[in-house]
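Below you'll find the structure, written out as structure tokens, and then a few comments.
The values are calculated or read from the model by the stated rules, or taken from the named source; none is laboratory data. What you see is a predicted model, and the numbers here were worked out from it, not measured in a lab. As a convention, Cβ positions derive from the backbone with ideal geometry for all residues, glycine included, and neighbour counts pool all protein chains shown. We work out accessible area using only protein heavy atoms, side chains counted, and drop any ligands, DNA or RNA first. Shrake-Rupley method; radii C 1.70, N 1.55, O 1.52, S 1.80 Å.
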Amino acid sequence: MRDVEKKFRRGFRTQDVIYCGLFAALMTVGAFIKITLPIGFFEVTISLQVFFALLAGFLLGARNGFVAVLSYLIIGLIGIPVFAHGGGLGYLLRPTFGFLIGFAFAALFTGILSSREGKLSLPKLAIAALVGEMAYYACGLIYYFIMFNFVLSDTDGIGIAQLFSVWFLSTVIPDTVICMLAAVLAYRLVPIMRKIQR
């Protein structure tokens, strides 16, 4: 845990900035590699963004992974069309924006758990990926519920059961498969990345 704290306190190096920029770009690419599922009145998207968000946490660590995804969000909010449906501050009023915020926290928690002291192992990385995935869903579901029920005026609201069935149960299995693939790839890449960053 001390290693994680030291990395948070350490200043940004040139290579940190380059890696954060690279993963911000990969998040953009991931936004356009997607499958859209029509579920009733809703359109649910499965993309590779969660894959790249977790890899950011695994390879860059908690702080830099979080900053990489946060940079991607800022780029999109200032109007550059890096999100799946464009960009701009109007995205803040989209109920699904919480899932974009969730990518940053997925990188953060994945990085924290995978950077803990001890031998690197695939089960450890898989657990970190699952925790990151749940952080992503938690942000997305909470934001969606608040926006749909308390902020937007032209909706009939959404109940907890419908929220979970549409925005969790419909995508959690394919997203979990994607997360496990990220963990497997990270198992190969993390040792290489640690040698490079020394």
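Applying 1/(1 + (r/R0)^6) with R0 = 41 Å to the Cβ-Cβ distance of I78 and V184 gives a FRET efficiency near 0.75.
Between K195 and L152, the distance separating the two model label sites (each 7 Å from Cα on the Cα→Cβ line) works out to 4.9 nm. Amide H to amide H distances under 5 Å link T45 with L37, where only residues 5 or more positions off or on other chains count and H is placed in the peptide plane.
Against the main long axis of the alpha-carbon atoms of the chain, helix 49-77 sits at an angle near 50°.
Note on segment 50-198: along the principal axes its Cα atoms extend 53, 34, 21 Å, ordered by decreasing extent. Measuring r between the beta carbons of F164 and R116 and using R0 = 41 Å, the FRET efficiency lands at 0.85.
Taken about its Cα centre, the chain carries a charge dipole of roughly 1200 debye when the Cβ of each Lys and Arg holds +1 and the Cβ of each Asp and Glu holds -1. State the extension gain, in nm to one decimal, for the chain segment bounded by R13 and F42, taking 0.36 nm per residue of separation less the distance between their alpha-carbons. Value of the extension gain: 6.1 nm. Pairs of Lys residues in the chain that lie 8 or more places apart, or on two chains, and have C-alpha atoms under 30 angstrom apart add up to 9. Helix 97-114 and the longest principal axis of the Cα set of the chain meet at an angle near 30°. Between the Cα long axis of helix 122-146 and the first principal axis of the chain there is an angle of about 30°, rounded to the nearest 10.
In segment 75-114, Rg over Rh equals 1.08, where Rg is the alpha-carbon radius of gyration and Rh the Kirkwood radius from pairwise Cα distances.
A 1.4 Å probe run over the chain, with the rest of the protein chains in place, finds 51 Å² accessible per residue.
Going from most exposed to least, what order do E133, E43 have by accessible area with a 1.4 Å probe?
E43, E133
Per-atom-type breakdown for segment 43-198 gives carbon and sulfur 70% of the accessible area (1.4 Å probe, protein chains only).
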